1. Scan region 75-103 residue by residue and report those that are assigned to a strand (DSSP E or B), open to solvent by less than 40 Å² (accessible area, probe 1.4 Å) and of a type in the set (Asp, Glu).
2. Do you know which residues across region 49-74 are part of a strand (DSSP E or B) and of a type in the set (Gly, Ala, Ser)?
3. Between a residue in region 41-57 that is without any contact (Cβ under 8 Å) to a residue 24 or more places away in the chain and closer than 24 Å to Val152 by Cβ and any residue that is among the hydroxyl-bearing types (Ser, Thr, Tyr) and surrounded by 15 or more Cβ atoms within 10 Å (Cβ to Cβ), which pairs come within a Cβ distance under 8 Å, given they are 6 or more apart or on different chains?
4. Among Gly13, Gly35, which is open to solvent by less than 100 Å² (accessible area, probe 1.4 Å), on the phi > 0 side of the Ramachandran plot and either touching a Ser or Thr at 6+ places or on another chain (Cβ under 9 Å) or in a strand (DSSP E or B) (or both)?
5. Just the residues that are open to solvent by 70 Å² or more (accessible area, probe 1.4 Å) and under 14 Å from the mean Cα position of the chain (by Cα), please, taken from region 104-118.
6. It is to be established whether one or more residues within region 19-31 are closer than 30 Å to Asp115 by Cβ, among the β-branched types (Val, Ile, Thr), part of a loop (DSSP other than H, G, I, E, B) and touching a Leu at 6+ places or on another chain (Cβ under 9 Å).
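The values are calculated or read from the model by the stated rules, or taken from the named source; none is laboratory data. The structure presented is a predicted model; accordingly, all values stated were derived computationally and were not measured. Counting neighbours? That spans all protein chains shown, and the Cβs are built from the backbone with ideal geometry, glycine included. With ligands, DNA and RNA removed, areas are computed over all heavy atoms of the protein, side chains included. Shrake-Rupley method; radii C 1.70, N 1.55, O 1.52, S 1.80 Å.
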Amino acid sequence: QVGETKPFDDNRGSLSWQVPFKAGTLKAEALDAEGKVVATYSITTSLRPYALKAVADKTDLSEAGSVSIITIDILDDNGNPVRLADNEIPCTVSGPATLLGLEAANGSDTGNYNDNVQRAFHGRMVAYVRSNGQPGNITVNFTSPLLKSASVKLESHRYTKLEDIQMSVSVIEE
């Protein structure tokens with residue numbers, strides 16, 4: 001029953017509840033041996049897909065070969081993730097960078113991960129963008145029909161390629 005606390009079952013290694021569907025927010029709490037809440041997780045019923053949201057793990061691409069990993073989520077108009085969405089999402093990159101690939105962690109997807117279009121899986125996908133080492137502003141755009149688009153701004157700085165660095169070693173005798 002929802003709201004009921006169950007003891008951990010060492011034989012099964014997990015707990016489960018049968019929860020009838022009802023729109024709203026479902027919250028789970030993990031309790032320690034003393035009944036103190038040590039972790040929580042909640043999920044909210046989503047509405048129809050409304051917008052894309054893109055977040056980069058880093059926006060400053062100042063090191064040689066710097067790669068920004070951009071997470072793209074499909075959200076409803078309340079900002080909740082739509083985990084049933086599987087929209088096809090094209091990506092364009094402008095500025096001194098290259099799109100390395102797109103992926104959505106769908107093990108049954110045998111498509112090309114190096115092109116600029118990917119279908120979201122469970123409302124989410126990831127893009128990998130690498131700076132080409134030239135300075136400048138980079139814009140990464142994501143679109144999908146009937147959804148608000150999203151973009152991420154990155155900045156690339158000039159860096160020296162390792163093979164362009166000349167080194168010398170001297171032995172100094174005392």
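1. Answer for region 75-103, where residues must be assigned to a strand (DSSP E or B), open to solvent by less than 40 Å² (accessible area, probe 1.4 Å) and of a type in the set (Asp, Glu): there is none.
2. Across region 49-74, the qualifying residues are Ala51, Ala54, Ala56, Ser68.
3. Matching pairs, first to second residue: Asp57/Ser68.
4. So the residue among Gly13, Gly35 that is open to solvent by less than 100 Å² (accessible area, probe 1.4 Å), on the phi > 0 side of the Ramachandran plot and either touching a Ser or Thr at 6+ places or on another chain (Cβ under 9 Å) or in a strand (DSSP E or B) (or both) is Gly35.
5. Across region 104-118, the qualifying residue is only Ala105.
6. No, that holds for no residue.
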